[in-house]
Amino acid sequence: MGLDAIEGTVLAAAQAQADTLLSEAQHAADSMLQAALDARRAELETQFQHEAQIVAQALAGQLAQARSEMNMEILARRTALLNGVFHRARLVALEWPPDVYRDVMKRLLTAVAPDRGGAVRVHPEEAELFEQILAALNASREEIGRLRVDPARPLDVRGGFIYDSGTFEVDRTLTTVSEELRDVLGPTVAARLFAPEGAAGRVHTPAT
C-alpha cells in the first residue's frame, strides 16, 4: 500500500472518529439543553402554582371580606326597616281616636298600679286626658291608692306615661312599649318581612 493510500485510510478513520465524537458531543449538548429546559420549565411551573395559590388565597380573602361586608349591610338595612315598622306603630298609636287611646292607657295604668297610689308623669298635651283617666280609676280607690298627674316632671315626648310609686318607676311610654314589642315580636315580623317571595304565607306561629 502506498503512502497516499495509508494517509487516506488514516484520514478517513480520523474523520469517522471525529464525526462520532462530534455527534456524541452534539447529543450530549442537546440532552443537557433539554434537561436545563425541563428544569426551568418545572421551576416556572412551581413558581406559577405558588403565585397562583397566593393570588387565589388573596382573592378568597377579599371575597370573604366582601361577602361579610355585604351581609353586614343587609343586616343593617333589615334592622333599620324592622325598627321603622315599630316606630311607625308608635306613630299610629298616637293617632288613635281619643276613646281608644284613653282605654289603652287606662288598662296600662291598671296593670302597673292595680291598687297602689303614686304620681303619673305625662306630656303636657296629654295632661287633661290622663286627668280624666285617673278620675275614673280613683273613683273606686281608697285615698292611699289614688293616682295623680305630676305636673312638675312632664315628659318631653307625647305618648304614654311613667308611673312613680315613690319607691320605683315603671316606664309605659309608647317609645318603651314599642321597643319591648320589637323584642318580643321582632323575629315573627322579620320572618314575614324578609321571607322569600311566595313564602310569606307559609310563616306560622308555633303553637303554645
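FYI, it's all coordinate maths here, none of it is from the lab. All values derive from a computational prediction rather than experimental measurement. For neighbour counting, all protein chains shown are included, and Cβ atoms are generated from backbone atoms with ideal geometry for every residue, glycine included.
Structure summary
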item	result
Segment 122-202: proportion of alpha-carbon pairs further apart than 21 angstrom, %	48
Of the trypsin sites (Lys or Arg not before Pro) in segment 68-130, those whose Cβ has at most 11 other Cβ within 10 Å and which sit in DSSP loop	none
Dipole in debye (nearest 20) - the chain, about Cα centre, beta carbon charges: Lys, Arg +1; Asp, Glu -1	1800
Expected 222 nm ellipticity per residue - DSSP helices of 4 or more, -39500 (n - 2.57), all of the chain, to 500	-24500 deg cm²/dmol
Segment A56-T79, extension gain: residue separation times 0.36 nm, minus the distance between their alpha carbons	4.9 nm
Proximal charge balance of Q47 [Cβ under 13 Å; K/R count +1, D/E count -1]	-1
Distance from segment 50-112 to segment 137-156 (C-alpha centre basis), Å	37
Exposed chymotrypsin sites (Phe, Trp or Tyr not before Pro) absent: longest stretch of the chain, with sites in DSSP loops and at most 15 other Cβ within 10 Å deemed exposed	1-167
DSSP loop GluC sites (Glu not before Pro) with at most 14 other Cβ within 10 Å excluded, longest remaining stretch of the chain	1-94
Gaussian network model of the chain, Cα within-10 Å springs - most flexible of A66, A12, A191	A12
Positive-end residue of V184, Q132, S165, charge dipole of segment 97-193 with Cβ unit charges	V184
Under-5 Å amide H pairs with D150, H placed in peptide plane, nonlocal only	V120, R121, V122
Within-15-Å neighbourhood charge of V85 [Cβ basis; K, R +1; D, E -1]	+3
Segment 1-40 and segment 164-184: distance between their alpha carbon centers, rounded to Å	105
